[in-house]
1. Roughly what % of DSSP beta bridges within the stretch 220-305 run antiparallel, to the nearest 5?
2. Please list the radius of gyration and Dmax for the stretch 203-317, considering alpha-carbon atoms only, with Å as the unit.
3. When only Cα pairs under 8 Å and 6 or more residues apart are kept, what is the percent relative contact order across the stretch 229-300?
4. Convex hull over the alpha-carbon atoms of the stretch 313-393: what's its volume per residue in Å³?
5. Under 17 Å Cα to Cα from Lys252, which aspartates and glutamates show up? Leave out anything in the same chain fewer than 8 places away.
6. For the stretch 48-147, just the Cα set please: Rg and Dmax, both in angstrom.
7. Rounded to whole Hz and in sequence order, give me ³J(HN,Hα) for the stretch 338-353 from the Karplus expression 6.51 cos²θ - 1.76 cosθ + 1.60, θ = phi - 60°, writing x for Gly and Pro.
8. Find the Rg to Rh ratio for the stretch 219-273, where Rh is the Kirkwood radius over alpha-carbon pairs and Rg uses the same atoms.
Amino acid sequence: MKRVIVGLSGGVDSSVAAYLLKEQGYEVIGLFMKNWHDDSVTISDECPWLDDSNDAMLVADKLGIPFQTVDLSEQYKERIVDYMFDEYQKGRTPNPDVLCNREIKFDVFMKIALNLGADYVATGHYCRKGILDKNGAPIYQLLSGVDNNKDQSYFLCQLSQEQLSKALFPIGELTKPEVRKIATDLDLVTAGKKDSQGLCFIGKVRLPEFLQQKLQPKEGVIVEIPSEQELYKQEEPEFASEKDELAYLTRKIDYTVADGKIVGKHQGAHYFTKGQRKGLAIGGTVEPLFVIDTDVEENVIYTGQGKNHPGLLKKALFVSNEEIHWIREDLKLEVDQTMVVNARIRYRQPLQKATLHQLEHGMYVVFKDLQSAITEGQFVAWYLDDELVGSGVIS
């Protein structure tokens, strides 16, 4: 019997994952990760991790599997929270869920599991794992979940071959309604529980409130840039090389307050992110205002009306060499090579046709169609059919 340690989060997905593994004949142990107890940053009056660990314990009891809690709050603070604050201060928008999987669940947690004699670590992610044989050696694939509506492969886009080799995703072949039905039939306490919102494993926290406790409020102005602004009307120059053209497609427009009109005030540019609509508290415009850029140095937020504002739309993005990550290392591009892929720049975005261009200093991802709110600090992930083969941090 191979031993599997399941990250029991107190939700329905990991509960059913544990049940399925037990049915398949594995020796299953449930482990709950406690990832937060910093009282200097309150998260909410409720204490969700206590409720969640209780639910996880009840599920383990019902399934007849051993259960324990591990406290990873120190590593979580260091690797996720501090990194997030640092990124927001720089005016970038990190993705804590992708980081949590790379740094916590499939690193710190996985090491604890392997020390406990586990052969595998399992989670309740909606994705699948494939294995190919290449010259007698196994190559592990990260495949989309069968439930298109819940596919979570994007959140695992930074995993390595080594991490994948030890990972199991028992519910990847199921849809969410099927998972709920199994939990209901088993009378599990988590069967009707809502999906967790908020920060990965911290619970019911809303990011703005969380940030406000660490990053000091600082009043600044909100500027509206009209869509007919001259900046958007420049003719495309003649390009001497493909490299020049790619650089042009990913160029950043440097706005100044003089390019538009001041329409309001905010409490800190670092609380806002590109494409954001809520939280600006400005009415009276024909179409809603969206954040098209933030300047954390000058503490200015630039906005534009409507989701088709030219300041939101772009056809290409850049990833520096240090930030490129290939799950399928055997498919890695060499300098001057290209690859036609499907890509997404955020979770739940339908896959978009794109071409990867690997140059000396990094990789350009050029989309067939214009993309809205390409955001620095977020992850772009690229797929071949239903396989996620690589990813990178948008710079």
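1. 75
2. Here Rg and the maximum Cα pair distance are 15.9, 52 Å.
3. The normalised contact order for the stretch 229-300 reaches 27 percent.
4. Taking the convex hull of the Cα positions in the stretch 313-393, it is 85 Å³ per residue.
5. The reachable aspartates and glutamates, counting only those whose Cα sits under 17 Å from Lys252, are Glu230, Glu235, Glu236, Asp244, Asp293, Asp295, Glu297, Glu298, Glu376.
6. 17.0, 49
7. Using θ = phi - 60°, the values come out as 10, 8, 8, 9, 10, 9, 9, 10, 7, 4, 6, 5, x, 4, 10, 5 Hz.
8. That ratio equals 1.11.
Bear in mind these aren't lab numbers, they're just calculated from the coordinates by the rules spelled out. Keep in mind that this is a model prediction, so the values were computed, not measured. Positions of Cβ are backbone-derived with ideal geometry, glycine not excepted, and every protein chain shown enters the neighbour counts.
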